[in-house]
Amino acid sequence: MTKRYEDASWKESMRIKLDVNNMFAENVGEEHGYTKADVDAMQEKAKVAHKSIKAAKEAGNLGFMELPESHKEIAKEIKEFADANKGKYDNFVVLGIGGSALGNIALQTALNHPYYNLNDEARNGYPRLFVPDNVDPTRLKGLLETLDLSRTVFNVISKSGGTAETMSQFLTARAKVVEELGEDAVADHFIATTSEHSGNLIKIAKEEGMKTYYIPENVGGRFSVLTPVGLISAAFTGIDIEELLAGAAYMDQICDTDELWSNPAYLNAALQYLADQDGKPMSVMMPYAHDLKDVADWYRQLWAESLGKKVNRAGEVINVGPTPVKALGATDQHSQVQLYMEGPFDKVVTFIEVEKYKETLEIADGYEDISGVSYLGGHTFNELLTVEKQATELALTENNRLNCTVTFPEVNAFTIGQFFYMYELATAFAGELYDIDAFNQPGVELGKQYAYGVLGREGFTEKKEEFDARPEKNSDLIL
Ligand code: PA5
């Protein structure tokens, strides 16, 4: 059967678009806005960055760029596995954190029914999805005591195979399963998604006879949503993961040029970079669609962990990085927009607009004698949300505030695949502009090592000693 994403005109109609008009002086004024010449001046740098990205891909160092092709077959296999298990479980739980959790949540919120877990009809036989994404005792205990474990499968996701949060979740869930269902149940109730050749999780999974999926070595956590990390829970909840990859492949084609004016990933990154250099490090992503709210959360991790770095590639201390912020329209018009409109000129707002929402809902008529209320009747919520976006966009622009818009024709697996890929590539390109390694995260290590030391992990005694020798807090400063 032909898939809709095999049809060129359907694909073109589903292309997500980047509108950067309001980043330019014509719209936001000369003081803050850019000129075409500013972008042209970056073209040479862009060519060098493009070459470097291509070379890194050829050398096998940018695995995320290979996924749209390399994971086509894997996606088929995952889909078969998920289909074969449909009806066997009522609950699917992702045990993971950071890049091993956020993509799962983003996909679920974007592509499934807004009340998926509560709505049996919408779930259509697929299991509920839970991603605790933390080690909060109340939340995890609450989840484990709520679920019928005999009808639950856990996907333990950890590329390193040793992350303390994830392994603690696993140990506890496993003990509960053993207590209720016996040792033999482990293989049937746990999947492991991890590195094939390193880490403790793969050893455990093999010992336990768990079904295993692999995260390619050259794909880092926050770039891994299109590997089994994101694909398994998506397939188990009925998302078309092949279409998701097709969307990423389409964006890969669109972005296969070193011309800034033709490459949305590069142009976006270049403008965000310019803004950051000009004292506008706050990068707000504000979707006007509730189903994209967790996509903004996914972006926040990608941009922050990749671009916030102490040293450049030559090892010089530069302490760079924009600060990504997530917001939601129209909700945050009543929370954040006052600041965006009148506060410091330190932000770029990226709106996300949806042309066709999944549903249409009319605002009911009423109170004809009260014109301040009755004007709403007969319009739709779709109109209201879209008009509010356009109105906020105009108001920001008139206040000389830099902003741009990513437009989704619809929110579906194809457009979400495009979005993930566009932002992953933008991140790699921004890494080139900052001249940093966008794929490591040394800044999270020290905190982890102290925690390991305190919890008694072998090899971290020194860190425990450092922790114990930390300066005492001045009680005068604790009120
Ligand atoms: O992007 C990253 O590399 C991190 O956010 C990781 O995803 C996170 O720390 C979890 O790591 P792991 O998958 O090894 O458990």
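Suppose we filter GLY125, GLY142 for residues that are assigned to a loop (DSSP other than H, G, I, E, B) and either at pLDDT below 95 or more than 16 Å from the ligand (Cβ to nearest atom) (or both); which single one remains? Within the list GLY125, GLY142, the selection yields GLY125. If you check ASN91, ASN117, ASN85 for being more than 15 Å from the ligand (Cβ to nearest atom), more than 16 Å from the chain's Cα centre (by Cα), closer than 28 Å to PRO409 by Cβ and polar (S, T, N, Q), only one passes: ASN117.
The residue of the stretch 351-391 that is nearest to CYS404 (Cα to Cα), among those that are open to solvent by 30 Å² or more (accessible area, probe 1.4 Å) and among the hydroxyl-bearing types (Ser, Thr, Tyr), is THR386. Here LEU129 passes the criteria (1) open to solvent by 10 Å² or more (accessible area, probe 1.4 Å); (2) touching a Leu at 6+ places or on another chain (Cβ under 9 Å) except the one numbered (2). Suppose we keep only residues that are surrounded by fewer than 20 Cβ atoms within 10 Å (Cβ to Cβ) and under 26 Å from the mean Cα position of the chain (by Cα) within the stretch 168-196. Which one would you say is farthest from the ligand (Cβ to nearest atom)? For the stretch 168-196, the residue satisfying everything is GLU196. Would you say GLN338 is open to solvent by less than 50 Å² (accessible area, probe 1.4 Å), polar (S, T, N, Q), over 21 Å from ASP19 (Cα atoms) and assigned to a helix (DSSP H, G or I)? It is false that GLN338 is open to solvent by less than 50 Å² (accessible area, probe 1.4 Å), polar (S, T, N, Q), over 21 Å from ASP19 (Cα atoms) and assigned to a helix (DSSP H, G or I).
For the stretch 98-112, check the following and say yes or no: at least one residue is open to solvent by 60 Å² or more (accessible area, probe 1.4 Å) and more than 16 Å from the ligand (Cβ to nearest atom). Scanning the stretch 98-112, I find no residue that is open to solvent by 60 Å² or more (accessible area, probe 1.4 Å) and more than 16 Å from the ligand (Cβ to nearest atom), so the answer is no.
It is to be established whether one or more residues within the stretch 229-244 are in contact with a Pro (Cβ under 9 Å, 6 or more places away or on another chain), open to solvent by less than 30 Å² (accessible area, probe 1.4 Å) and not in a helix (DSSP H, G or I). Within the stretch 229-244, one or more residues are in contact with a Pro (Cβ under 9 Å, 6 or more places away or on another chain), open to solvent by less than 30 Å² (accessible area, probe 1.4 Å) and not in a helix (DSSP H, G or I). Taking the stretch 391-479 and the helices (runs of 4 or more DSSP H) fully enclosed by it, the elements with 3 or more residues that are under 30 Å from TYR340 (Cβ atoms) and of a type in the set (S, T, N, Q) are at 413-434.
Restricting the first member to the stretch 383-398 and to residues that are at positive phi, and the second to residues that are open to solvent by less than 30 Å² (accessible area, probe 1.4 Å), no beta-carbon pair is closer than 7 Å while six or more apart or on different chains. Taking the stretch 73-97, which residues are in a helix (DSSP H, G or I) and either open to solvent by 10 Å² or more (accessible area, probe 1.4 Å) or without any contact (Cβ under 8 Å) to a residue 40 or more places away in the chain (or both)? Within the stretch 73-97, GLU73, ILE74, LYS76, GLU77, LYS79, GLU80, PHE81, ASP83, ALA84 meet the criteria.
The values are calculated or read from the model by the stated rules, or taken from the named source; none is laboratory data. Worth saying up front: this structure is predicted, and the values here are computed from it rather than measured. When we count neighbours, we look across all protein chains shown, and the Cβ atoms used for this are built from the backbone with ideal geometry, even at glycine. Accessible surface areas use protein heavy atoms only, side chains included; no ligands, DNA or RNA. Shrake-Rupley method; radii C 1.70, N 1.55, O 1.52, S 1.80 Å.
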